[in-house]
Amino acid sequence: MRYISTRGQIAPIGFKDAVMMGLATDGGLLLPESIPQIDRETLNAWSRLSYRDLAFNIISLFATDIPPADLKALIDRSYASFEHAETTPLVHKDGVYILELFHGPTLAFKDVALQLLGNLFEYLLKERGEKMNILGATSGDTGSAAIAGVRGKENINIFILHPHLKTSPIQALQMTSVLDANVHNIAVEGTFDDCQNIVKTLFNDLDFKKEYALGAVNSINWARVLAQVVYYFYAWGRLPEQREVVFSVPTGNFGDIFAGFLAKRMGLPIEKLLLATNENNILSRFVASGDYSLGEVVQTVSPSMDIQLASNLERYLFYLFDENPERISKAFAELQQTGRIVFSEDELKRVQSEFLSCTVNESQTLETIASFHRETGYLLDPHTAVGVRGALECVPKHPAVVCLATAHPAKFGDAVEKAIGSPLPLPPQLAALIGKETRCEIMEASREKVKAFVKAKV
Ligand SMILES: *Cc1c(COP(=O)(O)O)cnc(C)c1O
């Protein structure tokens, strides 16, 4: 399987090169040259596989340049870190199915992809005799999952910037209590945007980027999307009856829901994908009316979805535009100039044939956590609650709706407490962090200071 760029300016490359490249060097995103088609018979056979065996079957279709035994070992190692025997169990509550994606080391769904990506990086760096210094900014979730993915790994250092005292205390602890020698936390005296700007400028400093072999772990890496395709198939196989299904996906960067789109294209019987957002609803507006115009980011109780410019949307638009790289380049030039992309009637019709959409505001989110808890005894985190509210409100009556549960409620305990009126106990993994030794460099928001720190540590 070879990979091409949505901007059409790179010669096709293999899976291993695609993982190492991250963002395509022409500024586009990497996609497989063709999408494997899975027939019904195979789907039925797959529905009886364990998560790890299913992951191997799916991923090996896309990672054809890794020897099968190596790939199997990488996958097994990646999901051995999950607490639940089923990796991503499916539960049934109040007429909807909940796909629990939060049983990994940091209790958010990003572990599914970052555990695999960390192992892939280690494997590929060793094979190539290279080293990598990962640099990233986080408002909370991604940083801890990325650190958990590469801690203690050979030939990799990771530097994660977070805004000092602006993540939740638990989120900070999940990062700073990791004491492995290759993990470096930097608490920047500033905002998340300051952190992100510093990281962006350092990646644009091409001499520095090359000399220090800077690498990224953001959601544009193809391996992250690929890892997420697996659980759509897994959930379908765990339904009592293998029929057409609707998935509800709480959406920020469009990575998770794009994996669902890919699963649908591969032949999984998905009737519709419900794109659920909080008040940062550019994507749900896009699906509802074709209005794709950037607004300001507002802060909500589901902070991992407080995003305007969804980096993975470009992958979907590539298919919407009939795999035409010129149309992609034109659309993104238009976005840069005018702050919006205009779609034709026909394009909008096609978007709506694949997706439903729903915007869920803060009071609706909290109300959903409370009522779901009252009626079923089950606690939703605020991100998952956005998706569940969407499923209950915006999907025409349907017997098989699967809501993706993207984080454990205790990760966002303040919002959940506000909703149900009482504090919730910390799960053992989080309780164990309290009082642990931590290591973190507090630093003013200066690109030069961060650069000097990286140089000193490498
Ligand atoms: C990252 C994240 C999301 C959004 O996923 P995207 O792939 O960015 O759309 C939703 N919920 C949680 C808890 C997350 O961490």
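Bear in mind these aren't lab numbers, they're just calculated from the coordinates by the rules spelled out. Fair warning: this is a prediction, and the values are worked out from it, not measured in the lab. Heads up, the Cβs are rebuilt from the backbone with ideal geometry, glycines too, and the neighbour counts pull from every protein chain shown.
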If you count, for each residue, the other Cβ atoms within 10 Å and average over each peptide, how do 307-314, 407-414, 41-48, 275-282 line up from highest to lowest? 275-282, 407-414, 307-314, 41-48
Rounded to the nearest 20 Debye, what is the dipole magnitude of the range 74-193 about its Cα centre when Lys and Arg each give +1 and Asp and Glu each give -1 at the C-beta? 220 debye
Straight-distance crosslink candidates among lysines, where the alpha carbon sits under 26 Å from K200 and sequence neighbours closer than 8 are dropped: K16, K110, K131, K153, K166, K209, K210, K330, K449, K451, K455, K457
Specify whether the C-alpha gyration tensor of the range 1-153 places it in the rounded, prolate or oblate class, a ≥ b ≥ c being the square roots of the eigenvalues: rounded for a/c under 1.5, otherwise prolate if a/b is larger than b/c and oblate if not. oblate
Let me test this: with uniform point scatterers at the alpha carbons of the range 301-371, what is the Debye-based log₁₀ I(q)/I(0) at q = 0.26 1/Å? -1.26
Ranked list, fewest to most other Cβ atoms within 10 Å of each Cβ, for S219, S302, S60: S60, S219, S302
Eligible lysines near K397 by straight Cα distance, threshold 28 Å, same-chain separation 8 or greater: K93, K264, K272, K349
Please identify the cysteines of the chain that lack any partner cysteine with a Cβ under 4.7 Å from their own Cβ. C195, C403, C440
What is the percent of Cα-Cα separations in the range 245-404 that go past 20 Å? 49 percent
Shape call, the chain: gyration tensor on alpha carbons, a/c limit 1.5: rounded
Compactness of the range 175-256 as Cα Rg over 2.2 N^0.38 Å, two decimals: 1.61
Options S304, V360, I75, ranked by Cα towards positive dipole end of the chain, top entry (Cβ charges): I75
Based on alpha-carbon centroids, what's the gap between the range 78-122 and the range 205-280 in Å, whole number please? 13 Å
